[in-house]
1. I want the local charge near Val550. Using Cβ-Cβ distances under 14 Å, sum +1 for each Lys or Arg and -1 for each Asp or Glu among the other residues.
2. What is the sum of charges, Lys and Arg at +1 and Asp and Glu at -1, for the other residues whose Cβ falls under 12 Å from the Cβ of Ser465?
3. For Val267, what residues show an amide H to amide H distance below 5 Å, using hydrogens built from the backbone and excluding near sequence neighbours?
4. List the residues, sorted by chain then number, that are 5 or more residues from Thr341 or on another chain and whose placed amide H is less than 5 Å from its amide H.
5. Solvent-accessible area of His84, probe 1.4 Å, all protein chains present, reported in Å² to the nearest ten, please.
6. Please state the relative contact order of the stretch 8-130 as a whole percent: Cα pairs under 8 Å, 6+ residues apart?
7. Using alpha-carbon positions, what is the distance between the centroids of the stretch 224-274 and the stretch 530-587, in Å?
8. Would you please give the residues with an amide H less than 5 Å from that of Val466, counting only those at least 5 places away or on a separate chain, with H modeled from the backbone geometry?
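The values are calculated or read from the model by the stated rules, or taken from the named source; none is laboratory data. Worth saying up front: this structure is predicted, and the values here are computed from it rather than measured. Quick reminder, even Gly has a Cβ in these numbers, built from the backbone with ideal geometry, and neighbours come from all protein chains shown. Just so you know, the surface numbers come from the protein's heavy atoms only, side chains and all, with ligands and any DNA or RNA stripped out. Shrake-Rupley method; radii C 1.70, N 1.55, O 1.52, S 1.80 Å.
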Amino acid sequence: IVAVPSNTGQAKVLNEIEGLSGGGADPLQTAIVLPDESLLLPVLSSLSDDIDDVNVTMGYPLKETSLFGFVMMLAGMQSAAVAHGDGTIGFPGKEVISLLRHPDYPADNPDITARLAGTIMKNNMVFVDAEFAGSGESERLVFRKVEDGNDFLDYLTRILDYMYLQQSASSADENGSYPTDNRVVKKGVAMEESNRDSDKDDNDEDSVVFPGREFFMVMRSAIARLKDVLATTDTAPGFDTMVRLLRKVLVSVRIPFYGEPLGGVQVMGVLETRALDFENVIWLSMNEGVFPSVSPAPSFIPFNLRAACQLPRIEQHEAVYAYYFYRLLNRARKVTLVYNTRSDGMFSGEVSRYIHQLQYSGHFRVKRKSLVFSFSPPEQHPVVIEKTADLIDRLYNLAGAGSVPGYLSAGALNSFMDCSLRFYFRYVARLPEPEKVKADIDMAEFGNLLHKAACFMYRPYIGKSVTTDDIDMMLADRQVVGRCVENAFEDRQAEYRKGGLSGTERIVAGVLTSYMRQILEKDRMLAPFTILSLEENYTSRIDIVSEGRVISVAAGGIIDRVDSPRGITRVADYKTGSDEAVYRTMESLFAREDPKRKKAVFQTFLYSWLYLRQSGQERPVIPVIYQVRKLFTDDGMVIGEKPGRPPARPVKDFKDLASPFEENMRLLLADLFDKTIPFRQTDNHDICRHCAYQQLCHRE
């Protein structure tokens, strides 16, 4: 009796069982019995190279094939499809990407299909128009909206026929003829579909190959059978009902195989063991609920009625399988029973009742073995990237100090101060972060929409004075702010958008509109003021000493808004997160690996410094943060310094802070370009919590 804490792990221990491999035993006298048919593929993949021949006599569940998953993906895509206002059909981006990347997708041109999936991912296309998906034969079949349940079956039939022809064409020999049989091969293993005869040999000696074309035929036959049954009734099931019916039908389908019964180790199901005797018997999945199964045959006849009419009940079902079990053990010399001890969901890992009966009967010599996974986490070595000459050159190009124009942004500098290794991954090595289609609008996307809406709102006033009358006009006419928000949404994926806003987008648009109106209320108290720039790029250079020589490093960024009310200049930044506008000291803004460092204040100070350097402004320059979460409170927007308990001192003119800010910038950049200081992962695990590169650092 062997206990294994894993389902597929049961297949992996086969090679450790005495008598299965080596020892000169007759393989024909060995049977591997699989009550759980889904273990067939792991068993074939796990058998030792010493086993030359294997004969499989059992059914393989259609639900375990990738084709079943592909059909269910088609159903999910059709269920989530939406009709746009212009009459076009949009399919959900997540489902479309899953289909395009599925191994069974019938791509006419794999390269074009891969580029299409990448475009959908890159542009975060929540819904994909059927025309955008392509005009090839496969796209024409897959990306069309079904009308009802019967149309869905016709839809699947056409796709399966096309996939079958595609695979048949790819399997044709040099003369253009198609193979006449389908085999499952594992070394010398050959399994053929039960209604085919062939003496053809397969020369593939290293792989497990299932007869994929046969799966198409079995799937198509099951769908055709369902259509025939429904045709005899007056019922016309809807789409959702048809999907549930189809799933019920396909889950119960088994693909029967048979091979050469007089050679090799026998791999079989429970029913296939009838009237056969083996000296060495290996049973897998000896768990209660798997063998014997607790699921009776589906029936509408209740248990009490079955008992009263003496119809077969679950007791008879269990008695039949108990007979199969003990009859096979009757003439066996050695029996190995393997069960899974792992509990997962509804599966409790309870050992089968038959093992208890054999163990306590007293008629057998029982040996118990337990496979235990010894989990000892490997020693974690810090990830360190030394600054080579090539890497320094890439840093120079990144910072605009080399042959390539560029600049260091506030995001890059903040990333370097949080974790220099993250800075290396994102900006130097340029490792892309994992992309995914987001149906919901997250905080980052919400912030982008807010910036665009604010830009649309004040764009007509660039270089002009904004008065209280102008703001009152925008507040009185709700359509003014509403159009700015709509323009922000239209600007998002403008090339790929179809139809109007979705339900979720309308809710977000309503929230954005209320925020934009509150920004106007705040600005009304400042009016009149002049809009100097909106979403404009500012850059400046700073000299630092690196390796004994002076290099000029560029810093830059896009400033959300610069305005001028009442003889001063404000550098404003919009923030939708939980950023605070109060900092302790200038040095605290440059503190390394400090999760409480005020990144928003650092960014706004950097923008103010850039504006001062580029504009040569003589008037006071005040850095301002529009904290969206505090727009409806009386809190001010001006940044304040609070080194201790006293109230925060507002920054009335950034020119007073420009010198210490610039000095700290030089120290920061000197460390960045210092060859002796490598890029290394942070010691503060709180910073790693939401990092996209956790896996590379083994910090998950």
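1. Result for the neighbourhood of Val550: +1.
2. Computed value for this residue: -1.
3. Correct list: Ile32, Asn55, Val56, Thr57.
4. Excluding prolines and chain starts, which carry no amide H, the hits are Val4, Ser6.
5. That residue has around 40 Å² of solvent-accessible surface.
6. About 20 percent, as a whole number.
7. The distance from the Cα centre of the stretch 224-274 to that of the stretch 530-587 comes to 67 Å.
8. The list, which skips near neighbours in sequence, is Phe529, Thr530, Ile531.
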